[in-house]
Amino acid sequence: MTAPVIMPAASPPLIELVGVRRVYGEGDSEVRALDGVDLVIQRGEFVMVMGSSGSGKSTCMNLLGCLDTPSGGSYRFLGVDVGGLDRDALALLRRHYLGFVFQSFNLLPRTSAMENVELPLVYRGMGARKRHAAAAHALDLVGLANRADHTPAQLSGGQQQRVAIARALVTEPMVLFADEPTGNLDSETTHDVMRLLQTLNRDRGITIVMVTHEPELTHYASRIVTFRDGRVLSDVPGEGGR
Amino acid sequence: MILWNTFVLALAAIRRNGGRSLLTALGVVIGVASVIAMVNLGRAAGQQVTANISAMGPNLLFVRPGMTAAAGGTRAEAIPFDPDDLQAIRSSIDGVIVAPGASASATVAYGNLNATTSITGTTNEYFGVRNLTIAAGREFEARELENGAPVCILGPTVVTNVYGSAEPLGTTLRIGATSCQVIGVLSPKGSNMGQDQDDTVVMPLRAVQRRLTGKQDIATIYVSAVEDGTSGRVRADLITLLRERRGLRDDEADDFDVRDMAELAATLQSTSATMTALLGAIAAVSLLVGGIGIMNIMLVSVTERTREIGVRLAIGARAREILLQFLVEAVVLSVFGGLVGVALGIGGTWIMVTQLGMPFVVSVEMVVAAFAVSGAVGVVFGYLPARKAARLDPIAALRHE
Ligand SMILES: Nc1ncnc2c1ncn2[C@@H]1O[C@H](COP(=O)(O)OP(=O)(O)OP(=O)(O)O)[C@@H](O)[C@H]1O
Ligand SMILES: [Mg+2]
C-alpha cells in the first residue's frame, strides 16, 4: 500500500509528453484523437487547455490523469514512463499523486459531503479519525464547513463542485486535473470556483491542468495551451502567473 | 486495514441503497427461513414419533384378528381370539408378557357430568405391557379379575371430564347401564398421534365381556417382549403359533395382524427422515433462487452505479478493491438475509410445532450451516457482478449516463 517509488533523476519535469498519439478504433473508423503532442508541464504551473470541440482536450486530460495510456509516443510522470505501467500501478499513481475534478461533479449520491470527501482517504487506508479531520479541513478550505452533513441533492451546483474540489485536494495531490470544471456553473459561481483553484495553485503549490471553453477565464492561468486536430496549436503564457 | 475499510465502504453503500438492499436480501431470507423451518419441523416430527413409540413400549406387539376370504370372493371379519389363545401364547412363547384386550365404547357418568370414552377390559399385565402407571389407588385383585367384578381404573381425562375437581377414588361410576367402583387413577400419558391416551377406563376383562359387550371375544392381544431386540423373534413365533391354532393351510394368508412397534418405529423414522430430506431439498432450491436474486440485483446495482465505480477508479481504487467491495456487499446482504431467515425459520418452526403439539427442537448445526451457506451464496452469486464492476474502464465508467 505504499506509493510507487519515484526517484527524481536530476529533477525531471512533472509531466513530459513526447510525440503522444491516441488512436480510437481501427481501419476506416480510425480516429486520431491525439496526433503527436509534445508538452512539458513543470510543478506549480496553472495550465489552461483550450481548443474547439473534438480537438482532443479530454483525450489528453485522460492520458495526463493516468486514466488511459497512449497509443504511441511517451508520457513521463516525474520521469517514470507511464506507458509501461499496468492498471493497478496506474491506480496507485492516481491515488497518491493526482486529483480529479469533473464537469458533472460526480459526487456519490445520498452520501454526505463529508463522506464524499473522505472517500479517497479510505483507499489510502487512513483511519477514521484522521480521515474525518482531514476531510473537515478540506471542506473548510472550500468554504463548506457548515455543509458537511448535506448530501449532493441538498447542495447547489457551485457547492457540489466545491465539494468535488475538496475531495480532489484532501489527499494533497501534486497535480489537479479538471476537465471543464465550470461547464455546468453560472458565471458567478464559475468565478468562485476559479478563485478557489487559483488559491490552491498559489498557496499550496498544487499544479493545475484545466480544460475550458470560456476565454474569459484565461486570466487565472499561468499558461494557455490550445489544441487543434489532436495537436498543440499554440502554447502561450497567461496573466495568472505567480 | 484495507479489508476493514472495504467493509466500511460496503456498509455505507448498503445503507445508501436501503430499499434495494432489503429486496436483495429477501430471497435469501425466504430461502434460509424455509430450509430451517422444514428441517426443524421434520426433525421434530421424527423425535415425536420416537417419543410416542417408546412411551407406548418399544417392545410391544399388537395382535388383532384380520380379514379372511369368504365364499363368493367377499371378505369377512376373521374369528376373534379367545382366552385359550392367550394361554397358548403364554405357555409356548418364551420371554413375553401377555395381556388381553376387550374394548367397548360407553358413556360414563358421575353426578351430573358425563362423557363418552373407550373401555378396555384386561388384566394387570396390561399396565406393564402398555407402560402405564397407577397414580392413585391400586391394581385389580385376583378375585376381581376372576369374578369380573365391577371395578375400574380411570384415565386422567375421564377424571377431569366426569369428576371435575371431585375425588374419584372410592366413588361409584355409571358405565352404560352398569355401575362400578373406582379403585384407581392412571398417570397422564398425553396424546399420541392425535389420540388422547388418557381418555380411557380400564376394567377386568370379564367385567367388560359380561356387562358391556356381552361376548367372550378378545379383540386385541397385547404382547410385550421382555428383552430388548427380541420383538422380531416373538413376532415370528406368534405368527407360527396362531396360524397353527387357527388351522390355516400353507397357501392361506394370515387372518390376523401382528403389529410390531419397533418395526413401526423404524418405518416411521425413515419416512420422516425422507420427508425431512425432501422438504429440505425443496427449501434449498428456494435458497438457490434467493442467490440468483442477489446476483440479479447486484448486476443491476453495478450498472446503476457505474459512475460511482468510475469515480472510485479515478480516485485510485484498484480493480481488486472494487471487486472486494461488491463481493463484501453481496456477502453482507446475504448473511444479513441468513440472519433474518434463521430468526424467521426458528419462529416459524416454533409456531407450527406448538400448533401441532410436537416437541420444539432447533438443530444448532442447521443454524450454523444456514449461515455458512448464505455466506457462500453471497460469494458465489456476488462474484460475477463484482467482477463486472472491477473490470470497468475508468473513462467509460465516468462517461456512463
Ligand atoms: N472513446 C472514444 N471512441 C472513439 N472516438 C473517441 C472516443 N473518445 C473521443 N473520441 C474522438 O476523439 C476526438 C477527440 O475527442 P475529445 O473528447 O478529446 O475532444 P474534446 O477536445 O474534449 O472536445 P469537447 O471540447 O467537445 O469536450 C473526437 O473526434 C472524438 O470523437
Ligand atoms: Mg472534452
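Readers should treat all values here as calculations from the given coordinates under stated rules, not as data from a laboratory. As the structure is a computational prediction, the values presented were derived from the model and not from experiment. Using ideal geometry, Cβ is built from the backbone for each residue, glycine included, and neighbour counts are taken over all protein chains shown.
The ranking of B:Ile351, B:Ile53 by Cβ neighbour count inside 10 Å, starting from the fewest, reads B:Ile351, B:Ile53. Taking square-rooted eigenvalues a ≥ b ≥ c of the alpha carbon gyration tensor, is the range B:117-232 rounded, prolate or oblate, where a/c under 1.5 means rounded and, failing that, a/b exceeding b/c means prolate? Note, shape of the range B:117-232 comes out oblate. For A:Arg231, nonlocal amide neighbours, meaning residues 5 or more places apart or on other chains whose placed amide H falls under 5 Å from its own, are A:Asp35. Inter-label distance, B:Ser92 to A:His191: 12.2 nm, where each label sits 7 Å from its Cα along the C-beta direction. Of the residues A:Gly84, A:Gly127, A:Gly158, the one that moves most in a GNM of chain A with alpha-carbon contacts below 10 Å is A:Gly127. Rounded to the nearest 5, the antiparallel percentage of DSSP beta bridges internal to the protein assembly as shown is 70%. Backbone amide hydrogens, once placed in the peptide plane, bring B:Phe81 within less than 5 Å of B:Ile218, excluding anything fewer than 5 places away on its chain.
How would you classify the range B:340-401 from its alpha-carbon gyration tensor, with a ≥ b ≥ c the square roots of the eigenvalues: rounded for a/c under 1.5, else prolate if a/b is greater than b/c, otherwise oblate? It comes out prolate by the Cα gyration axes. Taking Cβ atoms as reference points and 9 Å as the exclusive limit, the residues near B:Pro204 contribute a net charge of -1, counting Lys and Arg as +1 and Asp and Glu as -1.
Spin-label model, B:Asp228 to B:Asp82: label points 7 Å out along the Cα-to-beta-carbon direction sit 4.0 nm apart.
Provide the FRET efficiency to the nearest 0.05 for the B:Thr178-B:Ser270 pair, computing r from the beta carbons and using R0 = 60 Å.
Efficiency for this residue pair is about 0.85.
Mean-square fluctuations from a GNM of chain A, with a 10 angstrom spring cutoff on Cα atoms, peak among A:Val40, A:Val163, A:Val101 at A:Val40. Considering only A:Tyr220, A:Tyr97, A:Gly54, the residue lying farthest towards the positive end of the dipole of the range A:15-237 is A:Tyr97, judged by Cα position with unit charges set on Cβ. Screening chain B for whole DSSP H helices of 18 Å or more along their axis (Cα) with average Kyte-Doolittle hydropathy at least 1.0 returns B:2-16, B:18-56, B:261-304, B:319-356, B:364-390.
Scalar couplings 3J(HN,Hα) for the range B:157-169, obtained by applying the Karplus form with A = 6.51, B = -1.76, C = 1.60 to θ = phi - 60°, are 5, 5, 4, 4, 5, 9, 9, x, 9, 6, 8, x, 4 Hz; x denotes Gly and Pro.
Each peptide among B:173-182, A:171-180 gets the average number of other Cβ atoms lying within 10 Å of its residues, and from highest to lowest they stand as A:171-180, B:173-182.
Sort out for me the Cα centre separation of the range B:241-309 from the range A:8-71, rounded to whole Å. That distance is 68 Å. A viscosity of 1.306 mPa s and a temperature of 10 °C, combined with the Kirkwood radius over C-alpha pairs in the Stokes-Einstein formula, give the range B:166-291 a diffusion coefficient of 80 µm²/s. Prolate is the label for chain B, because a/c, from the alpha-carbon gyration tensor with a ≥ b ≥ c as root eigenvalues, is 1.5 or above and a/b exceeds b/c. Database remark: amide H of A:Phe100 closer than 5 angstrom to the amide H of A:Phe177 (H placed geometrically; neighbours at sequence offset of 5 or more, or on other chains; Pro and chain starts carry no H). Shielding by partners for peptide A:116-126, expressed as the average number of C-beta atoms from other protein chains within 10 Å of each residue's C-beta, is 5. Length gained on full extension, B:Glu252 to B:Ala281, computed as 0.36 nm times the residue gap minus the Cα-Cα distance: 6.0 nm. Once divided by 2.2 N^0.38 Å, the Cα radius of gyration of the range A:15-237 becomes 1.02. Across the range B:171-187, computed HN-Hα scalar couplings (Karplus, 6.51 cos²θ - 1.76 cosθ + 1.60, θ = phi - 60°) run 7, 10, 9, 8, 10, x, 8, 10, 10, 8, 8, 7, 10, x, 10, 7, 6 Hz from first to last residue, x flagging Gly and Pro.
The GluC sites (Glu not before Pro) of the range B:116-159 include none that meets both conditions, a loop assignment by DSSP and at most 10 other Cβ atoms within 10 Å of the site Cβ.
For the range A:38-53, the Karplus equation 6.51 cos²θ - 1.76 cosθ + 1.60, evaluated at θ = phi - 60°, returns couplings of 10, 7, 10, 10, 8, 4, x, 6, 10, 9, 10, 9, 10, x, 5, 4 Hz by residue, with Gly and Pro reported as x.
If we count other beta carbons within 10 Å of each Cβ, what is the order of A:Tyr123, A:Tyr220, fewest first?
Numbers: A:Tyr123 24, A:Tyr220 20.
With the fewest neighbours first, A:Tyr123, A:Tyr220 line up as A:Tyr220, A:Tyr123.
Counting beta carbons within 10 Å around each of A:Glu26, A:Glu216, A:Glu16, B:Glu321 and listing the fewest first gives the order A:Glu26, A:Glu216, A:Glu16, B:Glu321. Loop-located trypsin sites (Lys or Arg not before Pro) in the range B:259-341 (DSSP state other than H, G, I, E, B) with a sparse environment of at most 16 neighbouring Cβ atoms within 10 Å are absent. Its DSSP H runs of at least 4 residues, each contributing -39,500 (n - 2.57), put the calculated 222 nm mean residue ellipticity of chain A at -9500 deg cm²/dmol, to the nearest 500. For B:Phe7, the shell of other residues with beta-carbons less than 14 Å away shows a net charge of -1, using +1 for Lys and Arg and -1 for Asp and Glu.
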